[in-house]
Structures are given as structure tokens and as C-alpha cells.
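The values are calculated or read from the model by the stated rules, or taken from the named source; none is laboratory data. Fair warning: this is a prediction, and the values are worked out from it, not measured in the lab. When we count neighbours, we look across all protein chains shown, and the Cβ atoms used for this are built from the backbone with ideal geometry, even at glycine.
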Amino acid sequence: MKKRGLEKGEVTFLLVNVLLGIILFILSIQIYKKDTTLSSQGAFPFILSILMMVMSALMIVELKKYDKVDISEKKALVKIREIIAYIFPGKIFPIMTLIVIYAVVLPRVGFTISTFFFLSLSLITFHPRDIVKSLLISAGVVGVILVIFQYIFKVMLP
Amino acid sequence: MLSIILNPSLIGILALFVFLGIYVGAMPGLSVSMACSLLISFTFSWEPLPALAAMLGAQIGGVYGGSRAAILLNIPGTTAAVATSLDGYPLAKKGLAGEAIAVATLSSVMGGLIGAVILAIGAPLISNIALKFAPRDYFLLGMMGLLLVGSLGSESNSRGIFTALIGLFIGTIGLDLVTGQQRFAFGNTYLMGGVNYVVVMLGLFGMSEALIQLRDLSVYPVKQKVDNLKPDFKGHVKYFVLTIKSSLIGVFVGALPGTGGDIAALIAYDQAKRTTKNPEVPFGEGAIEGLVAPETANNAAIGGAYIPMLTLGIPGDAVTAIILGALLIHGLRPGPLFMTESPDAFGFIVAGNFIGNIFLLIFGFMGIKLFTKIVEIPKYILMPTIIILSVVGSYAINNSIADIYWMLGFGIIGYLLKLYHFPTAPLILGVILSTIIEQSFRRAVSMAGNSLIGFIIDIVTNPISLILLVAIIFMSFSQSNFWKKTREKKLLNR
């Protein structure tokens, strides 16, 4: 099988996983030391955290099987920009921002209005020229969701 | 019981969701796991059997639906249809798309029916054996499932197992079931109740998948002409032996905890390629056998995957893990006593597998024009809608805004995991299996006097536990780099 190259920021992500393993190990050991028997409430998470650290170490070791690690002499700032561009390409960042705003606004203004605006703005983000079409599609989708979920599935909407 | 199983409204729901499932499976970007996780939350307030009918229908239709995109677009609609595209698409390019879809439909129905028969016969047998299982056996079975799903479904064993471990960890958050003390809750009242696995599923299969799909907004217009969409029962008879063989592979692989239709289909395809002497058309260039084998196996795997889920409470794949979650939410407890405690639910699942496949036979031969229209719905409309459905679904479980925030959080985590080639299915399986694995482990070590050596002695001196341990060791070894390299060397020397 053809080797794939490392993605931008993959090494950083693996290091975050190593860190996660260490943090969970520290938290688990605090629970485990209250009762060190194998059937105690802390034993299972303690074992899991050790295994997580082992697996994250293995993931680091396995880096050698991928095409060259990016160790070019680029400045840190350039590298960070490249990672951000990889994680949030195209319209992903605006969409994620819209999702966060939607989640914050939702409990305050209700489902129908917030969903209509979220969907309209998302569609406009992708196709800025089709504003009317986007508004009509959003109204249609929100209408269908309301009918299906409120009346057929009888789901309580936020 | 028959009157419950043959209830017209249940059959109607099953039929409707088989139909919808075909289109979900057929659309690149939508998956059966995504559909079932959304359905859990939307059918939350329903009675258990209608909810089960909806999910079962979506699963049967969805697994088959993947073949349509594989044949017409060379893009498997589901992972279970990866092998289908190898010969399905070459057939479509030769102008035989209609024949290819007809063969895929008949094969899927045959596989599904055989899977249902084996489920009906096998589940009671396994249940009887499972009654003899001790807590250590459940612990070993759970670990086996996680090891398998962690290693088979990803490019690196360590990444798969790591995500499974994260899942197990998430499952430990909240009040300890034995002592009632907090674990990783940090005094937060929401966390004390534990993280709801439906919220995790919606984040990982709904929102994160939608974000991943939004990275590439390509539309796939259907360029192949589809005609002659008629079942050729007589012509299919010559593939009888292959159908039976592929079904058995499908059921067996599907029944292994942690594996699923995708692996079953690939193994069945490989077996067909090796054992079919003189196919009319070479494999990879439009061999009908290359279509029959994977399509039969992936649908047979559905019945197989239900066997460990219903009898042991250990799901066979990600979709049955979601359905296990649904059963638990509706107060049903899969395990060795499931058949005696919930005979209606068990009977309905078996009967639903039969009836659902009959509907598949009907719907599989119609609606192809509708399919070509639906598949062209732009992703930029579809994916934000999936995000909204995930929001609605996560709220519907407890009517809690906090659940929406957690779903969004898991959506972003899932997005990063997928971006860096980590599989997400082991994480879900880990969350769902966490309680059973931990409780079984704690009971088993208590019975062994809280001693690790005693626990190991218990395992090696009990036949069932020993068989499970040997299976785990064998599976781990066969997935190791050492084993893979040795096999590659042997193949090169031949």
C-alpha cells in the first residue's frame, strides 16, 4: 500500500493525545490512591490511562512509517498558519463560527428563528449570490423540520 | 406474539424506513450510523417496537443502498459497499448498470434472508451458552470487540485502540455505580450523571461527518444509463453456492464482536476471487461474482451482528452498537435472558429482518429516477441540515441545552480525529461497552480475591475464558506488524 504523508499538524495532534494520556493518568491516580484494590472505583480508569499512554507512545513511534516528518526550517508562525489552513479550509471556519453562534443564540430566541438564520447564513456563505434562493430553501427546510419533528415524531424542539 | 410482530403499523414503519434507508445509504456523505444515531433521539418518545422498526428498516435499506452509489458513481455510499464498486462500476461503464443493480438487489436480499435464518437459529443457541458465562468472560468479550474494531477499522492499531480507550474513559465519567462517588465530574452536576452516549454518537457520526463532508463540496452527477432493472431469479440460481458461502462468511464475520459488513464484504470478495474458476469476466473488470459475494455478505452480516448484541449485549458493529444503545434507552436489556424477558422485541427483530428484506426486494427495483435526483442534492444544503438535525436530536433526549453543547464538542473532537486518520467507531463502542467491561472486570477480580494473579488463574483454568483469551491473543498477534511483515515476505517468496 502507498505510504501517505503526514498531515499538517498531525504531530502536534499526537502530542496533544500524549498530554491527554498523562493528564488522565494523574487524575486517575488521585482516585486510585484512595483505595488501591483492583476492584476499586479508581482501578479501571488507572489501567485505562496507562494503556492510553502506551498507545500514544506507540503512535509517536509509528510516525516513522509515514513519509518524511515536516522538519523544514519554516518559522513557527508560518507552521501554525499552515495547520490552521489545513483544519479550517475554505468555508469551514465561518461555518464553525456560525454553529457556535447558533448554539449560543438558540436558547434565547428559540428554534425556528435561530435555525432559519443559521441555515440561511450557511447557504449564503457557500453561495453569496443566491441570497433569495438561500432564504427560500432555509424557510422550506425549517418548515419541513417543524412538521416532521413536532407533529410526526412528536419531538420537543429547543 | 405473532399479532404484535405482524402489526400493520409496525410493518408500515419498517417498510417506510427500508425505503428511506436505501436513499440514505446511497448518498455519499450520509451513513447508516448517522441515520440510526439521529433516529435514536427522534424515536425516543416512541414505544420500543416502532422505534426498533424504524432503525432496523434504516439499517437494512442503508446497507443495501450503499451499492447504488458504488455501482453508478464508483463511490461507495457506505463502507460496506467498498468491495461492490470493484466490479459494480466496471459493469455500469459497460452500459450494464441496470443488470448490476438487479444482481446487487437480489444478492442483498438473499444474504439478508439467510442472515435472518441464522439469527433465528443461532441466537437461542448462543444464549444458552452465554448463561454459563462468568463476569470475566464478559470482560474478555468486551475487550475482544474493542481490539477488533480498533485494529481492523483503522490504518494503525494503536490509533484505533487509543480511540476505543478514550471511549471507555468517557464511559467512566460520573457517579460510580458501586460506591456512588464522583469520577472525573469535577463537581459538575451534568457530568455526575455521566455523558449521554447518544450525544456522543450524534457529535461523532452527525456533526463531525457533516463538517468533514463540507471540506469537499463535489457533486456526483449520475452519468450511467440505467435500464433493464428487472430481477433475474433464474439467472441468479447459478450463483447459489457462492451466495450460500458468502452469506456464511457474512454472518460469521458480522457475529464477531467489533467487525461488520465492510470487513465481511471484503473477505467474501477475496474468497470469491480466489475460488471462482474461470469467471466469464475477470474480477475487477465487471465479474458478476465480484458483485454477488460482497453484496450477499454485507447484508448477511446484519443478522450476524445481532447475534452477539442480543445474546451477550456485545454489539457486532457500530450500527448494532447504536441499536444496543436504543434498546437500553427503551428499558430493554440485551443479554442471555433477553429472549425470555423480552420475547416480543426478540421476535420482532428476527421477523423484521425477514420482512425488511422482502421490502428491500420490492423497493430495490424501483425509484431509480428519484435516486438520480436525490443523489445530486448539493452538500452545502444537506450538511448544514444534518447539523440542525444533530442539534434537534441531542436536545430531544433530555430537553437539555447542555446536551447540545456536548454534542457540538464531540462533533469538533470527531472532526479532528477524522482529519488525522483516527477511526471514530471504536470510541462509540468504547462508550457503550464501558459499563459492562468495567463492572465485569470489577466483579471478576473481586471473585478472584482482588488479586491479579488469581484473576489470571481464573481465566486460564476455565475453558470458556481460556478460549476467549486465546482468541484475543491470536487476533492481536495476527494484526501485529511482525505477523503482517512475515506474511508479506512469504507471499513475495512464492
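Structure above, values below:
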read-out	value
Check on A:F117, more than 10 Å from chain B (Cβ to nearest Cβ), in a helix (DSSP H, G or I) and surrounded by 15 or more Cβ atoms within 10 Å (Cβ to Cβ)	yes
Long-range neighbours under 8 Å by Cβ, at least six apart or interchain, first residue facing another protein chain (nearest Cβ under 8 Å) and closer than 10 Å to B:G142 by Cβ within the stretch B:434-446, second part of a helix (DSSP H, G or I) and among the polar types (S, T, N, Q)	B:E438/B:T172
Residue check for B:A305: in contact with a Ser or Thr (Cβ under 6 Å, 6 or more places away or on another chain) and modelled with pLDDT of 90 or more	yes
Qualifying positions in the stretch A:75-115 - closer than 22 Å to B:L217 by Cβ and either of a type in the set (F, W, Y) or touching a His at 6+ places or on another chain (Cβ under 8 Å) (or both)	A:Y86, A:F88, A:F93, A:Y102
Number of the condition not met by B:R333 [criteria: (1) surrounded by fewer than 18 Cβ atoms within 10 Å (Cβ to Cβ); (2) touching a residue at least 24 places away in the same chain (Cβ under 8 Å)]	(2)
For B:W406: the one exception among (1) at the interface with chain A (Cβ under 10 Å from one of its Cβ atoms); (2) modelled with pLDDT of 90 or more	(1)
Number of the condition not met by B:E289 [criteria: (1) farther than 17 Å from B:V253 by Cα; (2) modelled with pLDDT under 90]	(2)
Test result for B:L177, within 28 Å of A:V54 (Cα to Cα), within 10 Å of chain A (Cβ to nearest Cβ) and at pLDDT below 90	yes
Failed item, numbered, when A:A43 is tested on (1) at the interface with chain B (Cβ under 7 Å from one of its Cβ atoms); (2) over 25 Å from B:K418 (Cα atoms)	(1)
Residue within the stretch B:424-432 that is within 23 Å of the chain's Cα centre (by Cα) and within 12 Å of chain A (Cβ to nearest Cβ) present	yes
Residue that is modelled with the lowest pLDDT, among those in the stretch A:66-90 that are at the interface with chain B (Cβ under 9 Å from one of its Cβ atoms) and over 18 Å from B:L408 (Cα atoms)	A:G90
B:L16 farther than 20 Å from B:A100 by Cβ, within 14 Å of chain A (Cβ to nearest Cβ) and in contact with a Leu (Cβ under 8 Å, 6 or more places away or on another chain)	no
Residue within the stretch A:27-35 that is of a type in the set (K, R), assigned to a helix (DSSP H, G or I) and either surrounded by fewer than 14 Cβ atoms within 10 Å (Cβ to Cβ) or more than 7 Å from chain B (Cβ to nearest Cβ) (or both) present	no
Yes/no for B:G29 being among the small types (G, A, S), over 18 Å from the mean Cα position of the chain (by Cα) and surrounded by fewer than 24 Cβ atoms within 10 Å (Cβ to Cβ)	no
Qualifying residue in the stretch A:105-114 (condition: closer than 14 Å to B:L214 by Cβ, in a helix (DSSP H, G or I), more than 8 Å from chain B (Cβ to nearest Cβ) and in contact (Cβ under 8 Å) with a residue 24 or more places away in the chain)	no
Residues satisfying the stated conditions in the stretch B:38-91, i.e. of a type in the set (S, T, N, Q), closer than 24 Å to B:L266 by Cβ and in a helix (DSSP H, G or I)	B:Q59, B:S67, B:T79, B:T84, B:S85
Filtered residues of the stretch B:125-159 (kept if within 26 Å of A:L63 (Cβ to Cβ) and at pLDDT 90 or above)	B:R159
Checking A:L6 against (1) more than 18 Å from B:I161 (Cβ to Cβ); (2) of a type outside the set (G, A, S); (3) facing chain B (nearest Cβ under 8 Å), the condition it does not meet	(3)
Matching residues, the stretch B:437-467, being farther than 16 Å from A:S39 by Cα and assigned to a helix (DSSP H, G or I)	B:I457, B:I459, B:V460, B:T461, B:P463, B:I464, B:S465, B:L466, B:I467
In the stretch A:113-158, the residues that are of a type in the set (S, T, N, Q) and in contact with a helix residue (DSSP H, G or I) (Cβ under 6 Å, 6 or more places away or on another chain)	A:S114, A:T115, A:S120, A:S122, A:T125, A:S134, A:S138
Unique match (being farther than 30 Å from A:L6 by Cα and in contact with a Ser or Thr (Cβ under 9 Å, 6 or more places away or on another chain)) among B:V375, B:V350, B:V445	B:V445
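Conditions tested, residue by residue: (1) within 25 Å of B:M110 (Cβ to Cβ); (2) assigned to a helix (DSSP H, G or I).
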{"residue": "B:R333", "(1), (2)": "no, no"}
{"residue": "B:P336", "(1), (2)": "no, no"}
{"residue": "B:M339", "(1), (2)": "no, yes"}
{"residue": "B:A345", "(1), (2)": "no, yes"}
{"residue": "B:I362", "(1), (2)": "yes, yes"}
